[in-house]
Every structure is written in structure tokens, then in C-alpha cells.
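Here, each number is a calculation from the coordinates, and none is a lab measurement. Here the structure is a predicted model, which means the values were calculated and not measured. Cβ atoms come from the backbone with ideal geometry, glycine included; neighbour counts cover every protein chain shown.
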Amino acid sequence: MEERVYEPLGVRLVEHRCENGLRLTLMPKPGYNQVFAAYSTNFGSIDHRFRTADGREVRVPDGVAHFLEHKMFEKADGDVFRLFASRAASANAYTTFDMTTYLFSATSHIAENLETLLDFVDDPYFTDEAVEKEKGIIAQEIRMYDDNPDARVYYQLLEGLYQRHPVRIQIAGTVDSIQAITKEDLYTCYNAFYHPQNMHLFVVGGIDPEEIAAVVERNQSKKAHRSGRPAERLAEGEPDPVAVPRLEKEMPVNMPKVYVGYKDPDPELADESGLRKDIVTTLLFDVLLSKGGSVYRELFERDLIDQTFGWEYDYGRGYAHAIIGGNTPDPDRFLEVLSKGWEKVRSAGLREDEVERSRRRLLGQFVKGLDSLRFLARYVPSYHFKKMDLFATVSVLRDVTRAEVEERFRLLVRPDREAVSIVRPAPA
């Protein structure tokens, strides 16, 4: 086992690699009773084309990663959720564009719950009948997203930004695509990506790292894991220009919604350089769009935004984009004011005091996040797969210069990288 200590943050990490290749990151939090455990695979909704270890090229239906996540909880002897509940644990799972995570939180029976987590994820059980039944359940979930204006304006924007990359497709797939999913597809994806060398276990809270590592090693040593390597992903070859600069849809909403997206010209973020780029981008939009930011003030003073206004910078394998928006009474006026705000930044740059204010705010938010086990269980696995050190955030954020932030603005916030998504109220 290897230990890393971040003295200023009061963070101690113990890292361990099991004999089968599974990576463990253990983070003891003295004084905490609760424990979070997150068992993740580097496999998400965008991974629908790949080459298996035996050389076969495979294309699976859209939505298969999310479908697989649903079915992992169902076993021949019952529902895994009930087993966790019997030991006072709360279990859950989620699928993103590029990873799938299974997790539990508990204050007791930690070793037993950890064994349950490892055992059910390591032992898939799919039947034709169960797969067919699940299609109706997930189809209903997809229809709910299709009827949700927030989800619709978001995915419509991704369709505008990307021409080919599967990030433009809803994580759950479509009602039509999931009808094509078979039991064999689930096993193919499981065998391709639920491989110890493609997985990560993170445990944080009131734990003894050595005891947890011993539990995991014993558990994994009893299993006949596959040899070889995980599957090789096949890239989509996304063209540089945005797909459609503007998309609109009418839905039964009281107020219009507008999202503006910027397609990053360099979408590959990994290692130290990727972390720095993430932090520079975060600092940029916090300066401009947080309460008190210059562009935020322009929008707020003209009553063009409400509490739904926000932004995010998201990235993964082959994609990266910034998204800005929320509810607005006048989407076209919103876009006009936003564009004028960008022009002011281009001509005048950013003030040093604005950058410093946002730097201090982001440092405080990050340090506060270290007290949240849920925050850590969400981000440590994601940064692990991106080969980034989440806990280097503070040192990098302190080091970023105003010149870097301004250069990032010039590279990313450009009219030729922009797409707009609007949802307007349907006529009565």
C-alpha cells in the first residue's frame, strides 16, 4: 500500500492495487461515523463502439450502460437493495457519459456491506425475461426525460454542439434504441469493461484503511477474474464545427429556457495539464457568471435571469463543453446581452480583483467540500479515471494567473464554437 498526505488539507489517502489489478483509494476521516463506498467502472453511455480483447469490433445499442446498471441489482435470489437495507445501508447507482458507479453509505456493518457491494457487481445475472421487462421500465423513464423541459433544453444543446460524438445522445438512450438491447449485449459490455483493471473502489469515512484493504483482497482472491485486458474504445471522429448553431422546441412551460454552449476546440483533458485546464475554465466562468460577476450583473439588472441561472464545464473522452443558461422571459434579449458582455471582456479583459475574489471563493468551496463524504465519493473516482489528482486543486488554483484565464476565454468563448438551445412555451 502507498500513502499520500496533503498536510494543509488534512487529507490522508491510502492507495492499494489488488493482485487482479483492481485499484483502491481509501480515505480515513477520523471522527466520522458514516462511510461511503463507491465501486466504479470506466464505462459510460458514450462507450457504444469498442474492440474486445479477442479482436471483435462491437457496436451496441444506445443506452446499454445505463440499462446494465439497472440490471446489476437484480439477482436470482432477490433484490440487492433489500440486502443492503437489512444491514442499515443505503445503496444507489448512477451512469454518466463516461463511467458507472455503484455505492452505499452506512454507519455500521461496513465490512459486510462492502462484501455485498463487491459481490453483486462482480457477479452479473441477466435473463431474457428480465431484460424484456426492464425495457418497459426504462422506456417510461426516457419518456419522462423527454417531457422534462430542463432535460430537453440540455440534450437539444448537445445535439447542436456535436455532429457525431455519442455525448449528443441521452444517457438512457431512446425508446427505440433500448428495444434492441439483449441479454447478450449486457454480457458483452460487462465482460468488456467490468474488468478489475478498468475499475476503482473508493471508501471514505470512519475506516481503518488496512482493515478495508484486507477485506477487499480476501473478497477478490476468492473470485475467478478474467485474465487479459479491458476492451479498446473506438473513437467517433468528431468534426471540429458545431452541428447546428441554434435549435428551438415548444413545450408546455410557463417561461422560456435558454442554454448557450461552447464546444472546446481541445477536448482531451487528462493528467496535470487537464486538471489545470479544468480549474482555469472554472475560475473564468466564476469570475463572469457568479453573483457579482460582470456578465451576471448585466443579465440580472435587466431581469433576464432568475435562480435557475447557472453554468457548468463538462468533459470526458473526446468531448468538452461549457454550458450557460436557465429560465428567461426573453431568450433573444438574453443572448444579445450575453454577447455584449463577452465583447466587453474581449476588449477590456478581466480585473485582477475580480479574479482574486473568485479564486478565494472557489478555494473556500473546495475545502468545504472535503467535509462532504458524498462530494468525495462522487469526484474522487471520476478524477481517478481521468488520471487527475483532485487534491491538487488547491495548489493549482492558487497558481493560476489572470493571463491564463483571459487566454482561456479567447480560445473557448467564440461565436464559431457556440450553439444555442431554446425551449419556448407552446401556444395555448
The chain - percent relative contact order, Cα under 8 Å, separation 6 or more: 22 percent
Of Ile138, Pro425, His16, which is farthest on the positive side of the dipole of the chain, counting Cα position, with +1 on Lys and Arg Cβ, -1 on Asp and Glu Cβ, and the Cα centre as origin? Pro425
Which of the lysines could a cross-linker bridge to Lys183, judged by Cα under 25 Å and excluding same-chain residues fewer than eight apart? Lys71, Lys75, Lys133, Lys135, Lys223
Among Phe104, Val295, Pro256, the residue whose Cα sits farthest towards the positive end of the charge dipole of the chain (+1 at Cβ of Lys and Arg, -1 at Cβ of Asp and Glu, taken about the Cα centre) is Val295
Would you list, by chain and number, the aspartates and glutamates whose Cα falls below 12 Å from the Cα of Lys263, excluding same-chain residues fewer than 8 positions away? Glu159, Glu238, Asp240, Asp314, Asp416, Glu418
Counting only C-alpha contacts under 8 Å and six or more residues apart, can you give the relative contact order of the range 246-425 as a whole percent? 45 percent
For labels at Ser273 and Leu411 in the simple 7 Å Cα→Cβ model, what's the distance in nm? 0.9 nm
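Before rounding to the nearest 500, sum -39500 (n - 2.57) across all DSSP H runs of length at least 4 in the chain and divide by the residue total; then give [θ] at 222 nm in deg cm²/dmol. Show your work: numbers first, answer last.
On the way: 15 runs with 184 residues, N = 428.
Rounded to the nearest 500, the figure is -13500 deg cm²/dmol.
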Residues Asp399, Asp286, Asp150, sorted so that the one with the fewest Cβ neighbours within 10 Å comes first: Asp399, Asp150, Asp286
Those residues of the range 251-294 whose amide nitrogen sits under 12 Å from the label point placed on Arg424, 7 Å along Cα→Cβ: 251, 256-257
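Give me Tyr102, Tyr125 ranked fewest to most by other Cβ atoms within 10 Å of their Cβ, as a rough exposure proxy. Could the numbers behind the result be given before it?
Working: Tyr102 21, Tyr125 13.
Going from least to most buried by this count: Tyr125, Tyr102.
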With only Lys, Arg, Asp and Glu charged, each at its Cβ (+1 for the first two, -1 for the last two), find how big the charge dipole of the chain is about the Cα centre; round to the nearest 20 debye. 600 debye
Taking the chain as a Gaussian network, where each spring joins two C-alpha atoms under 10 Å apart, which residue of Glu352, Glu134, Glu238 fluctuates the most? Glu352
Taking the Cα centre as origin and putting +1 on Lys and Arg beta-carbons and -1 on Asp and Glu beta-carbons, what dipole magnitude results for the range 210-313, to the nearest 20 debye? 440 debye
Points 7 angstrom from Cα along the Cβ direction at Arg4 and Asn191: gap in nanometres? 3.5 nm
Taking the Cα centre of the range 2-233 as the origin, how large is its charge dipole in debye, to the nearest 20, when only Lys and Arg (+1) and Asp and Glu (-1) carry charge on their Cβ atoms? 380 debye
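Could you grab the relative contact order for the range 17-143? Cα pairs under 8 Å, six or more apart, rounded to a whole percent. Let's see the in-between values first.
Details: 154 pairs, mean separation 35.4, N = 127.
It comes to 28 percent, rounded to a whole number.
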